[in-house]
Amino acid sequence: MKNFFLTRAMREKMLMLLFVGLAAFIWLSSAVRRGRVFLADWRGTAIELASQGKMLQDRARIEKQAEAAIKHLDPTKTLDGTRLNGELDAIGRQAGLSPNIDSPTSTRTDQFTFHSTQITFQKADLEALLRFNDELAKRSPYLGLEWCSLTVDRANPRQLNAAFRVSSTEIRR
């Protein structure tokens, strides 16, 4: 290999060195990028493990708090997935909106079932959306707003397209 390189003209040697240098630079930048991703993943995992360890240490206290919270909840006011959609439809219509509600997803634990669904409103005015939000707030802790997204309607900038993720808690009996 050395003999092959030394027998080449100076311009060919420079081009070969340039290509080898370029390949080494690309490889090194890729290795640095992968190293940064690995380090970020490692740090994130360490933080997650510390958080989970803390929760496991506080398990007895958390369970006591959950039992105390259950005593303050009225089981007749908790909503299953079907009642969640019906309640959201009623709240939306009461606020003067036409809701489009997705099917709920459910997560079960020993004591609770958490239902979550997305509700969207097309071409709504801000006042109606605020009334909807106020009605949701009145039904806390049985209904909770997880997140919302508002975008201006392209056809009419005075109207909004809104998406809400709403969850409900059902006490398992």
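The values are calculated or read from the model by the stated rules, or taken from the named source; none is laboratory data. Being a predicted model, the structure only gives us computed values, none of them experimental. For neighbour counting, all protein chains shown are included, and Cβ atoms are generated from backbone atoms with ideal geometry for every residue, glycine included.
From 113, 117, grab the single residue that is assigned by TED's automatic domain parsing to the domain that holds residue 85, β-branched (Val, Ile, Thr) and modelled with pLDDT under 90.
Step by step, each of 113, 117 is checked, and only 113 is assigned by TED's automatic domain parsing to the domain that holds residue 85, β-branched (Val, Ile, Thr) and modelled with pLDDT under 90.
Residues that are surrounded by 10 or more Cβ atoms within 10 Å (Cβ to Cβ), assigned by TED's automatic domain parsing to the domain that holds residue 145 and outside any loop (DSSP other than H, G, I, E, B): does the range 58-68 have at least one?
No, the range 58-68 has no match at all.
Could you tell me which of the residues 126, 56 is out of contact with any Ser or Thr (no Cβ under 8 Å at 6 or more places or on another chain) and without any contact (Cβ under 8 Å) to a residue 12 or more places away in the chain?
That would be 56, the only listed residue that is out of contact with any Ser or Thr (no Cβ under 8 Å at 6 or more places or on another chain) and without any contact (Cβ under 8 Å) to a residue 12 or more places away in the chain.
Working only within the range 126-173, note down all residues that are of a type in the set (Asp, Glu), under 16 Å from residue 114 (Cα atoms) and loosely packed, with under 15 Cβ neighbours inside 10 Å.
Let us first name the residues in the range 126-173 that are of a type in the set (Asp, Glu), namely 127, 134-135, 146, 153, 170.
Going one step further and asking which of them are under 16 Å from residue 114 (Cα atoms), we end up with 146, 170.
Residue satisfying the conditions is 146 alone.
Give the residues of the range 79-96 that are outside any helix (DSSP H, G or I), out of contact with any His (no Cβ under 9 Å at 6 or more places or on another chain) and either buried (at least 21 other Cβ atoms within 10 Å of the Cβ) or of a type outside the set (A, V, I, L, M, F, W, C) (or both), sorted by residue number.
The initial filter retains those residues of the range 79-96 that are outside any helix (DSSP H, G or I), namely 79-80, 95-96.
With the extra rule that they be out of contact with any His (no Cβ under 9 Å at 6 or more places or on another chain), the set shrinks to 95-96.
Matches in the range 79-96: 96 only.
Here is a yes/no grid of residues against (1) of a type outside the set (Val, Ile, Thr); (2) at pLDDT 90 or above:
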position	(1), (2)
73	yes, no
106	yes, no
109	no, no
126	yes, yes
130	yes, yes
141	yes, no
145	yes, yes
148	yes, yes
151	no, yes
